[in-house]
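Below is one structure, written out as structure tokens; comments come after it.
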Amino acid sequence: MIIKSAKYIISAPSFDLCPKPEKPEFAFIGRSNVGKSSLINMLVKQKNLAKTSSAPGKTQLINHFEINEKWYLVDLPGYGYAKVAQSSRRRWEQMIENYLRKRENLLNIFVLIDSRHKPQKIDLEFVNQLGKWEIPFTLVFTKSDKEKPGVVKRNHDTFLNELKEEWEFLPQSFITSAEKNIGRDEVLGFISECLKKL
């Protein structure tokens, strides 16, 4: 897939204020500071389309970007670890759940996992929750350039093995690095295949 255009459309505080569901949509979510904005910018080859921040929890709204004037890429708030009040966190969680469960044009969720770490309970719980809600998703392991290849592979394989306790069929997964442009063609190829099936 060739990205010819990528432009910011809107930041919405709730799913019902998102753009009309007239174009297919792919959402990106993960723990705060997992490298979501960097990955999005790498995919569209723009340095500042999605705002990056060293402070976890910076993304607090549902951010829509229109790609090739044909589909939406959506940057969702991260889950866990953001230093916010409990009431704000609950509001975020409700906003994300409403979006994930009610957005009718949502084709796939890319769940980002930090490949430098062993499986984290919060990631496993989130993935299992998506399964209960029957929402299609794909795993994207980020920051693979920040650790030795053997460690990245071990953490990736261990995560999938943990999922086997709950899942009969494992989700598709990609290993990426925004810094080194690793996994870009694979992720965009997956999106392209999803769009072809419409």
- request: Would you check if Glu97 is in a loop (DSSP other than H, G, I, E, B), surrounded by fewer than 16 Cβ atoms within 10 Å (Cβ to Cβ), among the acidic types (Asp, Glu) and out of contact with any Asp or Glu (no Cβ under 8 Å at 6 or more places or on another chain)?
  value: no
query: Just for the stretch 29-76: of the residues that are at pLDDT 70 or above, hydrophobic (A, V, I, L, M, F, W, C) and assigned to a loop (DSSP other than H, G, I, E, B), which one is nearest to the chain's Cα centre (by Cα)?
result: Leu76
- prompt: Among Ile135, Ile113, Ile109, which is the only one that is over 23 Å from Asn41 (Cα atoms) and of a type in the set (A, V, I, L, M, F, W, C)?
  reply: Ile135
- request: For residues that are in contact with a helix residue (DSSP H, G or I) (Cβ under 9 Å, 6 or more places away or on another chain) and among the hydrophobic types (A, V, I, L, M, F, W, C), scanning just the stretch 138-159, find the one that is nearest to Val187 (Cα to Cα).
  value: Val140
field: Residues of the stretch 114-141 satisfying the condition of being farther than 15 Å from Leu76 by Cβ and surrounded by 19 or more Cβ atoms within 10 Å (Cβ to Cβ)
entry: Asp114, Ser115, Leu139, Phe141
message: When you scan the stretch 77-84, do you find a residue that is modelled with pLDDT under 70 and among the aromatic types (Phe, Trp, Tyr), even just one?
response: yes
query: List, please: which pairs have Cβ atoms under 7 Å, are six or more places apart or on different chains, and start with a residue in the stretch 171-198 that is without any contact (Cβ under 8 Å) to a residue 24 or more places away in the chain and end with one that is outside any loop (DSSP other than H, G, I, E, B) and among the aromatic types (Phe, Trp, Tyr)?
result: Glu186/Phe174
message: For the stretch 142-159, which positions are surrounded by fewer than 16 Cβ atoms within 10 Å (Cβ to Cβ) and among the aliphatic types (A, V, I, L, M)?
response: Val151
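The values are calculated or read from the model by the stated rules, or taken from the named source; none is laboratory data. Predicted model only: the values in this text are computed from it and were never measured. Note: ideal-geometry Cβ built from the backbone for every residue, glycine included; neighbour counts use all protein chains shown.
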